[in-house]
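Single-structure report; data block below.
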Amino acid sequence: MSPRTLGAAGALAAGLVALLGLLVHGGGSPQPVPAGLPDPGRVTGWGLPLLGYAGLVLGVLAVGSLLVPALTADRADDRLAGRSVAAVRLVRRLGLTWAVVVLAELVLTLSDQFAVPLGDVRWSELSGFARQVDQGQALLVQAFVALLVGLVSRWVLTVRESGFVLALALVGLLPPVLTGHSAASGSHDTAVVSLLLHVGAAAVWTGGVVALWWHLGPRAAGRTNGSAADEARARAASRFSGLAAWCLVLVVASGVVNALVRLGSPAEVLTTGYGHGVLAKLLVVAAVAVLAARLRRGVLARAGASSDAGRSTTGPLLGLTGVELGLMAVAGGLGVALGRTPPPVGEPYTSAAESLLGGPLPPAPDLWRLLTAYTPSALGLTALGLGGAAYVVGLLALRRRGVPWSVGRTISWFVGIALVAYATMGGLGTYSHVMFSAHMAAHMVLSMVAPIFLVLGAPVTLALRALPGSDVPGGQGPRQWLAAALQSRVSRVVVHPITAAAVSVASLYAVYFTGLYGALMENHLGHTLMEVHFLVSGYLLFEVLVGDAPIPHRVGHFARLGMLLVVMPFHAFFAVVLMGSDGVVAESYYAMLDRPYATDLLQDQYVGASMTWALGEVPMVMVLVVLLAQWARDDRRQAKRQDRHADRTDDAELAAYNAMLARAARSSSPED
């Protein structure tokens, strides 16, 4: 048996030991059932987490295999070759096996949820469970996506196509997240979104290590072993290093947020089995981070010297990634076990209102509470954390290269993300879940105020200047990928002025004048999805109006002014119609909340419509001022360019005239 095979078996075994150990310690293992109560059996009790771990491993292996083309190719449109072909070919078997494992997990989940022994499960029950119950639906979708990954990979020919299948494989890991502990905990939107980020980042991080250790190891290279293969491995490790750093930040931050939601207090980390599992996983991730930071830096630093000296870097790189992979397998096993371990918070809801809100009903609003109240929000935490960190990293990259960046742009960006945070998890965000007036105020801040500051912060321009380029001559790097995405067919449709204006206007009428608003508010993630849509649609609109990103169809200032004047009346008309409406929007939702304040729903709706009118017009005036200022500035720049051109033309004409006179003087000279 080869060293790589032994290493893989050791990593899987370490993950299994961690899984089984935490199940026993934390209370997630099968427990004796009192006489007379139904018992699904020990096969179900032990088989379910084992199948969950197997499905996770197969999904991560598929992600790692699909990362190989991106880590080794020079350009996105390159055809697969060498190691990339072998890696993508493996995805065919991985996807099909993954689908079979998930379907088996579906059967055991039915047995577990309804306490039915495995031998007594009937097809009719399984069919109904897969179609009507959340857990069954999630597993059925996951099995379908896994099968699709395996089938579609057969026709992957280019690096870009493998990227699409990679995205599909990452999606396949996410459906169970929507129905686990996070979906039933308090602050469910924060818990679910944080776990989605956690699982996705962990899969990319672990998959990248799999790609480096297994697919780019010495046996994977075959006949290409030598200096060229060493250079390819070192380049792949260098490319993955930056991505791994971001994955580490996301894994740690999202994991901490998710754990805090499920733990009643930080002290329960030390006093409960679930807390012990969280602590153990955090320590393992920290060990991986320290190992990667200290050793990969040394390996990559030696890569150039070794290449010059003719020495191979395969041994150090293989050893590093092998240890990382073992620790990551332990972290994965702990994660699966935590999904089966009862969290300390238990069932957090005591009323229908708390179930809808994911927490207690806030007290009656006043000015102080509107300014200082706080409720965790997935969008707000992501905007503050990820948005702020990414912008700062971009600024530091420019500073290291000595590239200047406007202070005004920086201030504008952070004002924008602060507004997003206030509208989603500050006082306004807290009451946007329980009062229509607060919801409409938050809507206007997210779609009409915050995007203006975010666009003026020029994040796309910053990314184009800060992202690294290609590491090979004539190749493509993150900067080229972003530039290509901005000019792609999708971008030409999404950021077209007509599309941006239509989405901004149509959203108001489609969400609030149909039953969509009430349905989204009653769903755990519905409110968050609305917030994301408002923010994205507003950003696209104002990017077209006042942004400077190199997007297609950048129209002139006069056309932008006309677009602004067309959009403004539609917002005002929406507010007027809503103010005059006799029906209450989402009446059943607000009736279920049964709040003791602002009990006149129609009056609260009238206030919300009035705020929509006010908060919709003021930003438009702001944009009008900015647009006119940009127009005047561009005219001055154009005038200066024309003056410089005229000066150069006049100088050239004068020089030509003087030269002509000189020639005439020489021709008429007696010496000639």
Open item on the list: Criterion first (open to solvent by 30 Å² or more (accessible area, probe 1.4 Å) and at pLDDT below 90) does THR190 satisfy it?
Closed with: no
Task: Residues being open to solvent by 70 Å² or more (accessible area, probe 1.4 Å), in a helix (DSSP H, G or I) and more than 17 Å from GLY45 (Cα to Cα) - total across region 114-126 - done: 3
Open item on the list: Consider region 487-512. How many of its residues are in contact (Cβ under 8 Å) with a residue 12 or more places away in the chain and more than 20 Å from ALA549 (Cα to Cα)?
Closed with: 6
TODO: Answer with yes or no whether TYR539 is among the hydroxyl-bearing types (Ser, Thr, Tyr) and either touching a Pro at 6+ places or on another chain (Cβ under 9 Å) or surrounded by 15 or more Cβ atoms within 10 Å (Cβ to Cβ) (or both).
DONE: yes
TODO: Might you check whether a residue that is in contact with an Asp or Glu (Cβ under 7 Å, 6 or more places away or on another chain) and assigned to a loop (DSSP other than H, G, I, E, B) occurs anywhere in region 486-497?
DONE: yes
Task: Filtered residue count, region 21-43, keeping only those that are among the aliphatic types (A, V, I, L, M), more than 36 Å from the chain's Cα centre (by Cα) and surrounded by 11 or more Cβ atoms within 10 Å (Cβ to Cβ) - done: 2
TODO: Only residues that are free of Cβ contacts under 8 Å to residues at least 40 places away in the same chain and either within 23 Å of ALA104 (Cα to Cα) or in contact with a strand residue (DSSP E or B) (Cβ under 7 Å, 6 or more places away or on another chain) (or both): list them for region 30-59, please.
DONE: PRO30, GLN31, ARG42, TRP46, LEU50
- [ ] Check every one of the helices (runs of 4 or more DSSP H) wholly within region 352-416 and list those with 3 or more residues that are open to solvent by 40 Å² or more (accessible area, probe 1.4 Å) and among the acidic types (Asp, Glu).
- [x] none
TODO: Go through PRO40, PRO32 for me and flag whichever is at pLDDT 85 or above, not in a helix (DSSP H, G or I) and not polar (S, T, N, Q).
DONE: PRO40
Task: Complete set of residues in region 521-541 that are small (Gly, Ala, Ser) and touching a Ser or Thr at 6+ places or on another chain (Cβ under 6 Å) - done: SER537, GLY538
Task: Breaking point among (1) surrounded by 17 or more Cβ atoms within 10 Å (Cβ to Cβ); (2) within 30 Å of TRP631 (Cβ to Cβ), for ALA559 - done: (1)
- [ ] Could you check region 220-294 for helices (runs of 4 or more DSSP H) lying wholly inside it with 3 or more residues that are modelled with pLDDT of 90 or more and open to solvent by 40 Å² or more (accessible area, probe 1.4 Å)?
- [x] 227-262, 273-291
- [ ] Collect the residues in region 590-622 that are surrounded by 18 or more Cβ atoms within 10 Å (Cβ to Cβ) and of a type in the set (Phe, Trp, Tyr), keeping them in residue-number order.
- [x] TYR590, TRP613
- [ ] Kindly indicate the residue of region 101-113 that is in contact (Cβ under 8 Å) with a residue 40 or more places away in the chain and not charged (D, E, K, R) and also surrounded by the most Cβ atoms within 10 Å (Cβ to Cβ) among those meeting that condition.
- [x] VAL102
Task: Check on THR5, within 26 Å of LEU166 (Cα to Cα), out of contact with any helix residue (DSSP H, G or I) (no Cβ under 9 Å at 6 or more places or on another chain) and either open to solvent by 60 Å² or more (accessible area, probe 1.4 Å) or of a type outside the set (D, E, K, R) (or both) - done: yes
- [ ] May I ask you to verify whether LEU6 is touching a Gly at 6+ places or on another chain (Cβ under 8 Å), of a type in the set (A, V, I, L, M) and in a helix (DSSP H, G or I)?
- [x] no
Open item on the list: Name the residue that is surrounded by the most Cβ atoms within 10 Å (Cβ to Cβ), counting only residues in region 127-160 that are basic (Lys, Arg) and touching a residue at least 12 places away in the same chain (Cβ under 8 Å).
Closed with: ARG160
Task: Residue check for ALA81: surrounded by fewer than 24 Cβ atoms within 10 Å (Cβ to Cβ) and within 23 Å of GLY326 (Cβ to Cβ) - done: no
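The rows are residues; the columns are (1) within 16 Å of ALA438 (Cβ to Cβ); (2) among the polar types (S, T, N, Q); (3) within 35 Å of the chain's Cα centre (by Cα).
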position: VAL577; (1), (2), (3): no, no, no
position: GLY580; (1), (2), (3): no, no, no
position: ALA586; (1), (2), (3): yes, no, yes
position: TYR589; (1), (2), (3): yes, no, yes
position: LEU593; (1), (2), (3): yes, no, yes
position: TYR597; (1), (2), (3): yes, no, no
position: TYR606; (1), (2), (3): yes, no, no
position: ALA614; (1), (2), (3): yes, no, yes
position: GLU617; (1), (2), (3): no, no, yes
Open item on the list: If I filter region 471-488 for residues that are at positive phi, small (Gly, Ala, Ser) and touching a helix residue (DSSP H, G or I) at 6+ places or on another chain (Cβ under 8 Å), do I get at least one hit?
Closed with: no
Task: Within region 620-634, tally of residues that are acidic (Asp, Glu) and modelled with pLDDT of 80 or more - done: 0
TODO: Return yes when LEU96 is touching a helix residue (DSSP H, G or I) at 6+ places or on another chain (Cβ under 8 Å), assigned to a helix (DSSP H, G or I), under 30 Å from GLY477 (Cα atoms) and modelled with pLDDT of 95 or more and no when it is not.
DONE: no
Task: Lone unmet requirement of (1) surrounded by fewer than 17 Cβ atoms within 10 Å (Cβ to Cβ); (2) part of a helix (DSSP H, G or I); (3) touching a residue at least 24 places away in the same chain (Cβ under 8 Å) for PRO569 - done: (3)
Open item on the list: Between a residue in region 265-289 that is of a type in the set (S, T, N, Q) and any residue that is assigned to a helix (DSSP H, G or I) and modelled with pLDDT of 85 or more, which pairs come within a Cβ distance under 7 Å, given they are 6 or more apart or on different chains?
Closed with: none
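The values are calculated or read from the model by the stated rules, or taken from the named source; none is laboratory data. The structure displayed is predicted, hence computed values, not measured ones. With ideal geometry, Cβ positions are generated from the backbone for all residues, glycine too; neighbour counts draw on all protein chains shown. For the accessible areas, the whole protein counts, side chains as well, though only heavy atoms, and no ligand, DNA or RNA atoms are used. Shrake-Rupley method; radii C 1.70, N 1.55, O 1.52, S 1.80 Å.
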